[in-house]
Amino acid sequence: MNRSGLAGMIAALALAVTGACGRHAAAPAELQPKAYGAAIVLVSGEKQVAGVGAALDQPVVVQVNDAKGAPVPGALVRLAAAGSVRFLPDRGLTGSDGQFTAGVSLGSSAGRYQIVASTAGGSGKRAEVRVEEIALGYRETLGQQINAIHCIRCHDSESTPERVSNHDNLKAQPHSFTEGAIMNSMSDAALVAMIGHGGAALNKSAEMPPYGNTLTPAEIDALVAFIRAVADPPYRPQGVFDASN
Ligand code: HEC
């Protein structure tokens, strides 16, 4: 092929690509709000924990209210977040109950993601609410799985249809791993010792079993990584994704 033939082909290609883009951008008409609210509040879906890139189990649900706190149908809600978080859909009008619901898939880095749900107020003011979600890396996900097998029945007071919690049967009350006030005050070494040796060896309740013979050191480290990842307030403030930055 000669040079001008090649140049012609590139030009034709470029035309085809821009043509395709133009059609794509024109397709969904920009949503127009039918009403405006004064505030936006979270209904449900925060503080969920999932692997990096995974879809959250529960959707995020927000509600737009007027100045008196009554729900506003037809208000435009937009969702945004840093770090390749995906929403389905990322914008829409609130329903007759004033609510907007979206599925969320977390980004590809482990850490905390801040989702900003916003709505435009009538006077041009913008109201927003922030929703935090937690993405677990490989090690933390392993820790979450070990927790589900060995620990959750005592450390989580929530009963499930499949497994009634053992939490209320214990004399000493174990804490949820999300309780940052307790977990963040323990060093990594203290957590490893408690999990490996059990409560009795550390002058704590013998109801906390020793796992040193059941779990490998790597598995105990994964549990510690999981406990650090889900702590509220956070154990490590870095790794926060803030869409406003
Ligand atoms: C049979 C019930 C039971 C199981 C299973 C259990 N724990 Fe515990 N755990 C306890 C109790 C009770 C305490 C409180 C001990 C005390 O304060 O005297 C405790 C305390 C702890 C503590 C200290 C912080 C706190 O909650 O007070 C950590 C950390 C801990 N457990 C981690 C684990 C891990 C990780 C697993 C799973 C590998 C696990 N536990 C499984 C009952 C249990």
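Rounded, prolate or oblate, given the Cα gyration tensor of the stretch 138-230, with a/c below 1.5 counting as rounded? The partial results should precede the final answer.
Numbers: a/c = 1.38, a/b = 1.12, b/c = 1.24.
Since a/c stays below 1.5, the shape of the stretch 138-230 is classed as rounded.
Going down the list Lys34/Lys68; Lys171/Lys204; Lys47/Lys125; Lys47/Lys204, which pairs span over 23 Å between their C-alpha atoms? Walk me through the intermediate numbers first.
Values: Lys34/Lys68 18 Å; Lys171/Lys204 12 Å; Lys47/Lys125 27 Å; Lys47/Lys204 30 Å.
Table pairs above 23 Å Cα-Cα are Lys47/Lys125; Lys47/Lys204.
Among the trypsin sites (Lys or Arg not before Pro) within the stretch 60-144, which fall in a DSSP loop and have no more than 16 other Cβ atoms within 10 Å of their own Cβ?
Passing sites in the stretch 60-144 are Lys68, Lys125.
Report the accessible area of Ile182, computed with a 1.4 Å probe over the heavy atoms of all protein chains in place, in Å² rounded to the nearest 10.
60 Å²
Given the protein chains as shown and a 1.4 Å probe, how many square angstrom of His167 are accessible, to the nearest 10?
Accessible area, nearest 10 Å²: 20 Å².
Work out how much length Ala206 to Ser96 would gain on full extension: take 0.36 nm times their residue separation and subtract the Cα-Cα distance, in nm to one decimal. Don't skip to the end; give the middle numbers.
On the way: separation 110, 0.36 × 110 = 39.60 nm, distance 5.39 nm.
The Ala206-Ser96 span can extend by a further 34.2 nm.
Suppose R0 equals 41 Å; then what is the FRET efficiency for Lys47 and Asn213 from their Cβ-Cβ distance, rounded to the nearest 0.05?
0.75
So if the hydrodynamic radius of the stretch 39-136 is defined as the Kirkwood radius over C-alpha pairs, what does Stokes-Einstein give as its diffusion coefficient at 10 °C and 1.306 mPa s, in µm² per second? Before the final figure, lay out the partial values.
Details: Rh = 13.4 Å.
Answer from the Stokes-Einstein relation: 119 µm²/s.
The values are calculated or read from the model by the stated rules, or taken from the named source; none is laboratory data. On a predicted model such as this, the values are computed, not experimentally measured, just so you know. Cβ: placed from backbone, ideal geometry, glycine included. Neighbour counts: every protein chain shown. Areas reflect the complete protein model, heavy atoms only, side chains present, ligands, DNA and RNA absent. Shrake-Rupley method; radii C 1.70, N 1.55, O 1.52, S 1.80 Å.
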